[in-house]
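The values are calculated or read from the model by the stated rules, or taken from the named source; none is laboratory data. The shown structure was predicted, so the numbers you read here are calculated from the model rather than taken from an experiment. Cβ placement follows ideal geometry from the backbone for every residue including glycine, while neighbour counts extend to all protein chains displayed.
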Amino acid sequence: MIKQRLIIQKLCFSFLRIAALLNGAALALIVCFMLSRGWRAISWEFLSQAPKDSMTAGGILPCIVGTMALCLVTIFVALPIGVASAIYLNEYASQGKLVRFIRLGINNLAGVPSIVFGLFGLAFFCIVLKMGVSAASGGLTLGIMTLPVIIGASEEALKSVPNTYREASLAMGATKWQTIRKVVLPVAFPGIITGSILGISRAAGETAPIMYTGAVFFTPDLPASILDEVMALPYHIYVLATAGTQIEATRHLQYGTALVLIVLVFGMNLSAIILRSKIRKKLRI
Amino acid sequence: MQTHIKMHTKNLDFFYGDFQALDQISIDFIENRVTALIGPSGCGKSTYLRCLNRMNDLISGIRVKGRAMLDDNDIYDPSIDVVTLRRQVGMVFQKPNPFPKSVFENIAYGLKVNGVKDKAKITRIVEKSLKQAAIWDEVKDRLNESALGLSGGQQQRLCIARALAVGPEVLLMDEPASALDPIATQKIEELITELSLKLTIIIVTHNMQQAARVSDRTAFFYMGKLIEVNDTDTLFTKPELKQTEDYITGRFG
């Protein structure tokens, strides 16, 4: 009897462990695949020059710069609005009808397919607001798409701040805003930043929202302002793989670009994690 | 013997939604005396304490009836600025809750949010508050270290120093020693006696020996009602009501 229970327990644990390991395996597989196929494309020239010969040779510098430009616009749009919304929802708003309505909106925003964001961005930012296909339009579109992620991460971070801190501050005659600004936000900051960077690095890899709004097939020039159109890493992969002049001959370039994109995204995530642990250590939480 | 009444409530009712948590509470708090609020869990003593600096305002759906006065001012009057009130009526909580900041910043915080900018003045008050809370000698060499590195008892005295820094006239203490070991508790109790020379103190405690040791007056709460309030010596030796006697002798609660 006891033996049977132990066997069942062992079986269940093994299953759970396999499920957990599968995640790591999937990641390792993707990375190995990209490395083995793409590493030959990586060279200084590849990282520092524009594509040439109808994008069958040369580098991907405009794509790297373009993706970074899109990310910067996304951060500037989504971070302040997202954090402000989270503070309002979590700290100020009484839980009434308005808040329920806003939350419903945020949840539904998170469920909108990315291609729909792309079409919306095209219609609204590019045409109605006359910003054309540009880093600004693409970044704004990505920003709206990232908002629910940032709001969610920020709300989680604010919720994890113990209420006793708020009480202590208010009991000393601090106003609610002083309490938020000087006690709650510094403690929540690492969580907010980490969650936000994860959201933005996700946006960095999106193709659908930027293919009509910010990214173009080819431009040899680096963007001079945010109103210029840009090339972007994910769209470049898509173009090379589906619409290039020599799809088979440029395979290594496609994998090389994908590798650069993955490294870029990992880099952002890693810096988010390092930043968080540094601040945590400083605050001794 | 000076018997100015610093704070008092008259027929104070308190409701969470439809639930009445306090029923017609009238107590006088004499200046520079320690008043202990005792009673079993859920009797309303903490709720009552939180009425006195309006910390209950943070909860939605609450309602207060009756009067709560600080000197001659009704603290629930719409003209009262709750931020100013909380500076006059400080609070120390059950669990030590220093901010994740340095020892110095913890004390300076209350001054800064209340608009004190003069650095020399802040430094002076920080030192004075830490001395008043009998923790200066233990932390004077680590003012710039995180307050979270202190022991529980030290953290609680730091929180008392933090509350003192903004110059309150009344100090509310919500079971300030219940999370501490006996030695740290003793230090807090000595501190309470010391502070009561200059401050009106109202302390909620579960521990009846503690109430007997530190307080001049004791109020016994049960089921949201004030059962009996009297000088501590009288209440513990010759309680007027059977109910009080049963509680303090440990027959219920």
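To keep it simple, each residue is scored yes or no on (1) surrounded by 10 or more Cβ atoms within 10 Å (Cβ to Cβ); (2) in contact with a Ser or Thr (Cβ under 6 Å, 6 or more places away or on another chain); (3) not small (Gly, Ala, Ser).
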{"site": "A:41", "(1), (2), (3)": "yes, no, no"}
{"site": "A:60", "(1), (2), (3)": "yes, yes, yes"}
{"site": "A:64", "(1), (2), (3)": "yes, no, yes"}
{"site": "A:79", "(1), (2), (3)": "yes, yes, yes"}
{"site": "A:87", "(1), (2), (3)": "yes, no, yes"}
Q. Do we find a residue being polar (S, T, N, Q) and over 20 Å from the mean Cα position of the chain (by Cα) anywhere in the stretch B:155-165?
A. no
Q | Index of the failed condition, residue B:79 passing every other in (1) of a type in the set (Gly, Ala, Ser); (2) in contact (Cβ under 8 Å) with a residue 40 or more places away in the chain; (3) more than 22 Å from residue B:222 (Cβ to Cβ) | A | (2)
Q: Keeping to the stretch A:1-39, report how many residues are surrounded by 10 or more Cβ atoms within 10 Å (Cβ to Cβ) and of a type in the set (D, E, K, R).
A: 3
Q.
Considering only the stretch A:202-210, I want to know if a residue exists there that is surrounded by fewer than 18 Cβ atoms within 10 Å (Cβ to Cβ) and touching a residue at least 12 places away in the same chain (Cβ under 8 Å).
A. yes
**Q.** Residue tally, condition under 25 Å from residue B:160 (Cβ atoms) and not in a strand (DSSP E or B), over the stretch B:193-242
**A.** 20
Q.
Out of the residues in the stretch B:171-192 meeting the condition of being under 13 Å from the mean Cα position of the chain (by Cα) and β-branched (Val, Ile, Thr), tell me which one is farthest from residue B:159 (Cα to Cα).
A. B:192
**Q.** Residues (outside any helix (DSSP H, G or I), small (Gly, Ala, Ser) and either at positive phi or at pLDDT 90 or above (or both)) located in the stretch A:1-58
**A.** A:54, A:58
Q. Considering only the stretch B:130-158, how many residues are touching a Phe, Trp or Tyr at 6+ places or on another chain (Cβ under 8 Å) and either part of a strand (DSSP E or B) or within 14 Å of chain A (Cβ to nearest Cβ) (or both)?
A. 2
Q) When the stretch A:193-207 is examined, which residues are found to be out of contact with any Ser or Thr (no Cβ under 7 Å at 6 or more places or on another chain), over 13 Å from residue A:271 (Cβ atoms) and not polar (S, T, N, Q)? A) A:202, A:205
Q. Looking at this structure, is residue B:84 among the β-branched types (Val, Ile, Thr) and modelled with pLDDT of 95 or more?
A. no
Q: Assess whether residue B:87 counts as being in contact with a His (Cβ under 9 Å, 6 or more places away or on another chain) and not aliphatic (A, V, I, L, M).
A: no
Q: State the number of residues belonging to the stretch B:10-28 that are part of a strand (DSSP E or B), touching a residue at least 12 places away in the same chain (Cβ under 8 Å) and surrounded by fewer than 22 Cβ atoms within 10 Å (Cβ to Cβ).
A: 12
Q: Those residues that are crowded, with 18+ Cβ neighbours inside 10 Å, more than 14 Å from every other protein chain (Cβ to nearest Cβ) and assigned to a loop (DSSP other than H, G, I, E, B), I need them from the stretch B:66-85; list them, please.
A: B:76
Q.
Looking at the stretch B:86-107 only, could you name the residues that are within 8 Å of chain A (Cβ to nearest Cβ) and assigned to a helix (DSSP H, G or I)?
A. B:86, B:87
Q.
I'd like to verify a number: residues in the stretch B:106-153 that are touching a strand residue (DSSP E or B) at 6+ places or on another chain (Cβ under 8 Å) and farther than 30 Å from residue B:182 by Cβ, how many?
A. 1
Q.
Restricting to the stretch B:229-247, give me the number of residues that are touching a strand residue (DSSP E or B) at 6+ places or on another chain (Cβ under 8 Å) and without any contact (Cβ under 8 Å) to a residue 60 or more places away in the chain.
A. 9
(Q) I'd like to check something: does the stretch A:227-242 contain any residue that is outside any helix (DSSP H, G or I) and over 20 Å from residue A:51 (Cα atoms)? (A) yes
Q.
Against the condition more than 10 Å from chain A (Cβ to nearest Cβ) and modelled with pLDDT of 95 or more, how does residue B:171 come out, does it pass?
A. yes
(Q) With the condition being away from chain B (no Cβ under 14 Å), I'd like the helices (runs of 4 or more DSSP H) fully within the stretch A:91-205 carrying at least 2 qualifying residues. (A) A:97-111, A:114-121, A:135-159, A:185-204
Q.
Taking the conditions exactly as written (free of Cβ contacts under 8 Å to residues at least 12 places away in the same chain, at the interface with chain A (Cβ under 10 Å from one of its Cβ atoms) and either more than 17 Å from the chain's Cα centre (by Cα) or assigned to a loop (DSSP other than H, G, I, E, B) (or both)), does residue B:117 satisfy them or not?
A. no
**Q.** Lone qualifier among B:132, B:210, B:155 - being modelled with pLDDT of 90 or more, under 23 Å from residue B:44 (Cα atoms) and buried (at least 16 other Cβ atoms within 10 Å of the Cβ)
**A.** B:210
Q: Please go through the stretch A:173-189 and pick out each residue that is crowded, with 22+ Cβ neighbours inside 10 Å and within 22 Å of the chain's Cα centre (by Cα).
A: A:188
Q. Just checking, how many residues over the stretch B:47-61 are within 12 Å of chain A (Cβ to nearest Cβ) and modelled with pLDDT of 90 or more?
A. 7
